[in-house]
Amino acid sequence: MKIQIEFDTSLDEEVVTIRCPSLTATVEQLQRTLAGVTKEQEKYVFYKGDTEYYLSLSEILFFETGTNSIDVHTADDIFQTKRKLYELEELLPGYFMRVSKSAILNTNQVYAINRNLTAASLVEFQHSHKQVYVSRSYYKALKNKLEEKRRYE
């Protein structure tokens, strides 16, 4: 794979173009990675009561359905978002993934998975006491995603 950088002072913003003979897994991974870099640098608005907080996605461990809203968990705090889980699933970069009917987690933050063959498995996060369950139907997809990330890092 060749990488070229061209300067064009007439552009208002950066444009990344990928040219390839066919869409391969490597090209798809590159596209997801580039998309994730730009989204990770953005600050997103989350709420706690009447206060707005601006957080980057890298700070978020997981999103989970709460009593009346979607809870946004960081290592040591909980915020809310006005979006639904299915909206977040479409918006978030590729390193986030749905792991149950009620949760989406940041795969970059996964520290350990306590596997349970008969029920949901438990995901632990580094530097946090928080945990989230992965339902049996999502477990294999999560393992595959983590394995794929490990290969490309």
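Taking the charge dipole of the chain about its Cα centre, with +1 at Lys and Arg Cβ atoms and -1 at Asp and Glu Cβ atoms, the residue from THR26, PHE79, VAL99 reaching farthest to the positive side is VAL99. Solvent-accessible area per residue in the chain equals 71 Å², computed with a 1.4 angstrom probe and all protein chains kept.
Which angle between 0 and 90 degrees, to the nearest 10, do you get for helix 136-152 versus the longest principal axis of the chain when only C-alpha atoms count? Tilt of helix 136-152: around 40 degrees.
Checking the Cα-Cα distances for LYS101/LYS143; LYS84/LYS149; LYS2/LYS145; LYS101/LYS130; LYS101/LYS145; LYS43/LYS82 against a 20 Å cut-off, the pairs over it are LYS84/LYS149; LYS2/LYS145.
Evaluating 6.51 cos²θ - 1.76 cosθ + 1.60 at θ = phi - 60° for every residue in segment 48-53, the Karplus couplings come out as 9, x, 8, 9, 9, 10 Hz, glycine and proline recorded as x. 3J(HN,Hα) along segment 75-82, derived from phi through the Karplus expression 6.51 cos²θ - 1.76 cosθ + 1.60 where θ = phi - 60°, amounts to 4, 9, 8, 10, 10, 10, 10, 8 Hz, with x in place of Gly and Pro.
The values are calculated or read from the model by the stated rules, or taken from the named source; none is laboratory data. Note that this is a predicted model, so its numbers are computed, not measured. Quick reminder, even Gly has a Cβ in these numbers, built from the backbone with ideal geometry, and neighbours come from all protein chains shown. The accessibility values were calculated without ligands, DNA or RNA, using every heavy atom of the protein model including side chains. Shrake-Rupley method; radii C 1.70, N 1.55, O 1.52, S 1.80 Å.
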